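Reviewing the structure listed below.
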Amino acid sequence: MKLVRDLERRLEQLVEGVAGRVFRGKLHPAELSARLVREADLTRVDGPTGPVAANVYAIHLSPKDVGEFDLPEQLNRELEQRIELEATERGWRLEGPTRVWIEAHESVGAGRVTVITETKPGERSPWAQLVGPDQTYELTINRCVIGRGADADTIVSADTISRRHAMVWEEGGATWVVDLASANGTFVEGVPATEPLAIVEGQRLVLGTLPLRFAQDWKA
């Protein structure tokens with residue numbers, strides 16, 4: 001996946017000149033990316049809408065492997081982005097914002113890595129919007145349930161919308177929509193989404209009788 005390759009190149013550039021003075025053992029920061037992905041995969045559970053993975057990761061290293069310098073904060077941010085990209089590619093739901101940090105712990109042996117994970121709900125930034133005639137609805141979570149019920153991720157208060165009407169998510173480089181057995185149906189450009197349908201920027205999505213336009217590029 002190109003985005004993953006680009007991120008890994010940025011990670012390598014970030015740690016050039018840092019690994020030698022900060023990481024004193026055999027560990028190299030670039031290895032933490034693959035380790036985090038493995039740990040995230042191990043945390044996956046099947047939720048009501050599909051796979052859910054942890055979104056909080058504390059990486060514990062031996063003090064013998066970490067030098068006396070502070071690790072660059074950007075390293076944590078790049079590792080967070082790696083988890084976000086993996087979730088998007090695999091269709092994972094993350095219940096809150098991704099957080100990654102690295103700490104030295106006396107309990108960790110030299111050359112070893114311990115990762116403590118947690119699923120912690122919280123507010124996420126929107127990754128897409130549904131633009132309606134009178135209101136714009138934000139999608140902030142992958143595998144986002146849209147409906148008029150209080151338990152929906154994105155609440156749309158309209159009479160023709162079911163409590164849990166449809167789900168929208170990213171997976172495998174595409175965005176998908178599927179109807180959740182709603183009373184009045186879900187349609188992408190007039191096609192019923194009884195099975196997952198791909199949707200792209202600017203296409204028309206109708207929930208019940210409510211017309212919406214799908215938007216992902218509004219930040220550009």
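The values are calculated or read from the model by the stated rules, or taken from the named source; none is laboratory data. Since the model is a prediction, treat every value here as computed from it, not as a measurement. A quick note on method: Cβ atoms are made from the backbone with ideal geometry, for glycine too, and the neighbour counts reach across all protein chains shown. Heavy atoms of the whole protein, side chains included, go into the accessibility calculation; ligands, DNA and RNA do not. Shrake-Rupley method; radii C 1.70, N 1.55, O 1.52, S 1.80 Å.
Looking across region 152-178, the residues that are more than 20 Å from PRO51 (Cβ to Cβ) and either buried (at least 18 other Cβ atoms within 10 Å of the Cβ) or touching a helix residue (DSSP H, G or I) at 6+ places or on another chain (Cβ under 7 Å) (or both) come down to VAL156, ILE161, SER162, HIS165.
Note on region 162-214: residues that are under 21 Å from ARG148 (Cβ atoms) and outside any loop (DSSP other than H, G, I, E, B) total 20. Residues of region 41-57 that are over 14 Å from the mean Cα position of the chain (by Cα) and either assigned to a loop (DSSP other than H, G, I, E, B) or under 17 Å from GLN81 (Cα atoms) (or both): PRO48, THR49.
Of the residues making up region 17-33, one or more are modelled with pLDDT of 75 or more, open to solvent by less than 20 Å² (accessible area, probe 1.4 Å) and either among the hydrophobic types (A, V, I, L, M, F, W, C) or farther than 29 Å from ARG143 by Cβ (or both). Report whether or not PRO126 is open to solvent by 20 Å² or more (accessible area, probe 1.4 Å) and at pLDDT 95 or above. Yes. Of all residues in region 70-99, exactly one satisfies the criterion of being more than 26 Å from ASP153 (Cβ to Cβ), of a type in the set (Asp, Glu) and in contact (Cβ under 8 Å) with a residue 60 or more places away in the chain, namely GLU78. Taken together, THR114, THR140 contain a single residue that is modelled with pLDDT under 95 and open to solvent by 30 Å² or more (accessible area, probe 1.4 Å), which is THR114.
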